[in-house]
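The structure appears below as structure tokens.
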Amino acid sequence: MSSRVRRAGLAFLAATLAFTGAVYGVTRSASADVVAQLNGPQLVADMGAGWNLGNTLEASNDGTPSETAWGNPTVTQAFIDRVRASGFKTIRIPVAYLNHIGAGPDYTVNTAWLTRIKEVVDYAHSRGLYVLINMHGDGYKSVTGSWLICDAADQTTIRAKYQKVWQQVATKFQGYNDHLIFESMNENFDGQYGNPTQPCYSNINAYNQIFVDTVRRTGGTNAARWLLVPGWNTNIDHTVGSGFVIPTDQYRSSTIPAAEQRLMISVHYYDPWDFAGQEDGTITQWGAGATNPAKKSVWGQEDFLDGQMKKMRDTFVTRGYPFFVGEYGSVDKTTYDSTNNRYRADFARAVVSTAKKYGGATAYWDNGWNGQHGLGLFNRSSATVTQQGIIDAIMSGVGSQPSSSPSTSPSTSPSSSPSASPSASPSTSPSASPSTNPGGGTCRVSSTVSAWNTGLTNSITITNTGTTAVNGWTLAFTLAAGQSIVGGWSASYSPSSGTVSATNASYNGTLAPGGSTTIGYQANHTGNSAAPTGFKLNGTACN
């Protein structure tokens with residue numbers, strides 16, 4: 001966000017899939033392991049619940065970025081493990097560069113700062129999480145040292161500097177797999193909250209185009225990496241209209257299917273502001289469950305939220321561009337109304353589920369502050385949860401469960417750190433009555449196939465319907481004759497045809513009672529694109 005509460009406030013490898021041996025899994029290491037490219041719907045589903053490491057790498061003091069400048073502790077692996085164990089699959093890491101950029105014409109970014117950014121990225125990326133990094137604080141007029149200013153006079157210098165910085169960042173992460181996503185900038189606008197102005201909006205569009213061209217031309221995985229671009233101030237209304245131009249993607253890898261996109265649209269959601277962000281006790285309740293009309297805003301309820309997300313679907317998702325609500329949340333007002341956290345949870349659940357309904361992923365804005373007007377979900381110093389109710393609501397909204405138990409040994413020092421466009425209608429395999437699973441409880445499996453010509457993708461959701469946890473699982477199933485797996489995600493697959501065993505990844509091996517996980521694969525076929533049959537979880541039939 002553009003300000004901070006307590007200065008805090010709200011403030012693929014795109015190459016032909018190649019595999020050796022009999023296992024066709026995706027382990028998601030920091031290196032550029034070869035993975036199946038995901039199209040838009042697959043990406044949104046795989047990203048799951050998202051969370052922001054806010055007020056950290058974008059924090060600064062007198063124009064110099066420092067992760068502890070705004071009161072948050074140094075990021076550790078133990079803390080990121082706690083976030084992951086709570087069920088989050090995506091972490092957005094806001095980044096500022098400011099005075100860490102040297103003089104022109106090279107505009108060299110401070111080596112130590114780039115190294116620290118990489119270390120924090122690795123904490124999450126090495127655990128199989130999606131990671132988004134951006135240029136966050138450099139475009140705010142209120143921040144000392146800011147320079148990415150859309151109504152500044154010398155746009156030639158700004159554009160040259162912007163290009164050089166993104167060239168260095170993209171090169172630094174050139175070999176990282178598809179779980180790393182770049183976002184061009186944050187809430188860029190001219191500082192006034194009225195309608196967009198010119199030439200400011202045209203300059204924002206130009207920044208986005210420079211970003212896409214620069215990242216793509218660094219090559220490697222960057223040629224096919226998913227990229228995220230915002231419109232005016234990440235405002236939904238001013239992004240679906242008012243002059244936003246989607247960048248062209250002329251330098252993208254030729255391995256991306258022609259009918260698919262690799263750009264996402266970035267927006268934020270804090271409506272109604274008097275509930276979500278205004279730091280007083282006037283409006284403390286939200287949604288249909290509100291019990292005191294005087295404490296509920298007269299606008300911005302479920303119907304408004306639905307309409308806003310529908311605009312994103314109608315304008316972008318229908319054209320192949322998924323959207324990402326990179327920030328949402330509501331400040332803590334429990335000092336004014338002891339029931340406030342219930343409505344904060346309702347708000348979070350609604351944003352996540354409604355965005356998902358219309359083809360978007362989300363990331364909760366956590367500024368690290370717990371207490372009045374804070375947005376923290378965790379105590380970052382102790383790596384513990386402080387707002388389990390809101391986390392539960394987020395997981396309910398996205399339809400997922402925590403992935404595994406966190407590490408119990410805290411770490412105080414940082415470590416160093418093709419699919420074609422589906423044309424056939426999806427078919428879902430029938431689900432029989434769940435049966436007992438000796439690995440823990442009972443199970444249910446659903447399978448959704450999207451097929452075209454000689455290829456298909458299959459998304460499989462495994463649900464533990466029992467009363468005890470499943471700790472470690474293998475799902476066996478039989479492919480239709482003529483089908484052969486060429487790539488997969490969220491599990492390892494062996495062999496590639498016939499009766500296949502899909503074994504959990506490191507981050508989804510635990511299924512709590514009622515918990516579920518979604519895996520998937522891409523396969524070739526010779527005319528029979530039927531869903532697999534004979535599902536067995538840890539040796540026991542699910543359907």
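Looking at TYR321, is it within 21 Å of GLY376 (Cα to Cα) and under 22 Å from the mean Cα position of the chain (by Cα)?
Judged against the criteria, TYR321 is not a match.
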Problem set entry | Filtered residue count, the range 485-513, keeping only those that are hydroxyl-bearing (Ser, Thr, Tyr), in contact with a Pro (Cβ under 9 Å, 6 or more places away or on another chain) and either open to solvent by less than 20 Å² (accessible area, probe 1.4 Å) or over 17 Å from PHE535 (Cα atoms) (or both) | 1
For this session: Tell me which of these ALA531 doesn't satisfy, since it passes every other one: (1) open to solvent by less than 30 Å² (accessible area, probe 1.4 Å); (2) assigned to a strand (DSSP E or B); (3) farther than 27 Å from ARG84 by Cβ.
Result: (2)
Problem set entry | Residue count for the range 220-252, restricted to those that are within 21 Å of GLN37 (Cβ to Cβ) and at pLDDT below 95 | 2
For this session: Read through the list (1) touching a Phe, Trp or Tyr at 6+ places or on another chain (Cβ under 8 Å); (2) modelled with pLDDT of 95 or more; (3) part of a loop (DSSP other than H, G, I, E, B), then give the number of the only condition that ARG216 fails.
Result: (3)
Problem set entry | Residue that is modelled with the highest pLDDT, among those in the range 121-141 that are farther than 20 Å from SER266 by Cβ and open to solvent by less than 10 Å² (accessible area, probe 1.4 Å) | TYR123
Problem set entry | the range 287-309 residues that are surrounded by 10 or more Cβ atoms within 10 Å (Cβ to Cβ), paired with ones that are hydrophobic (A, V, I, L, M, F, W, C) and outside any helix (DSSP H, G or I) (beta carbon under 6 Å, 6 or more apart) | LYS296/ALA290; SER297/ILE283
Seminar exercise, completed: Taking the range 368-382 and keeping only residues that are buried (at least 19 other Cβ atoms within 10 Å of the Cβ) and either closer than 25 Å to VAL44 by Cβ or touching a Pro at 6+ places or on another chain (Cβ under 6 Å) (or both), one is left with LEU375, LEU377, PHE378, ARG380
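Can you tell me which residue among GLY137, GLY175 is closer than 18 Å to GLY191 by Cβ and not aliphatic (A, V, I, L, M)?
GLY137
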For this session: Would you check which residues across the range 225-268 are farther than 20 Å from ASN52 by Cβ, crowded, with 18+ Cβ neighbours inside 10 Å and polar (S, T, N, Q) and list them?
Result: SER253, GLN261
Exercise. Open to solvent by less than 10 Å² (accessible area, probe 1.4 Å), among the aliphatic types (A, V, I, L, M), part of a helix (DSSP H, G or I) and modelled with pLDDT of 95 or more: does that describe ALA160?
Worked result: no
Seminar exercise, completed: Taking the range 511-529 and keeping residues among the β-branched types (Val, Ile, Thr) and farther than 15 Å from ARG444 by Cα leaves THR526
Exercise. Condition test on ALA290, is it part of a loop (DSSP other than H, G, I, E, B) and in contact with a Lys or Arg (Cβ under 6 Å, 6 or more places away or on another chain)?
Worked result: yes
Problem set entry | Exclusive hit being within 23 Å of the chain's Cα centre (by Cα), part of a strand (DSSP E or B) and among the aliphatic types (A, V, I, L, M), set ILE265, ILE210, ILE256 | ILE265
Problem set entry | Residues of the range 495-518 that turn out to be among the hydroxyl-bearing types (Ser, Thr, Tyr) and within 22 Å of HIS179 (Cβ to Cβ), as a count | 7
Problem set entry | Where GLY389 falls short, out of the listed (1) surrounded by 21 or more Cβ atoms within 10 Å (Cβ to Cβ); (2) modelled with pLDDT of 95 or more; (3) not aliphatic (A, V, I, L, M) | (1)
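The values are calculated or read from the model by the stated rules, or taken from the named source; none is laboratory data. Just so we're clear, the structure is a prediction, and the values are computed from it rather than from any experiment. Virtual Cβ from ideal backbone geometry, glycine too; neighbours counted across all protein chains shown. For the accessible areas, the whole protein counts, side chains as well, though only heavy atoms, and no ligand, DNA or RNA atoms are used. Shrake-Rupley method; radii C 1.70, N 1.55, O 1.52, S 1.80 Å.
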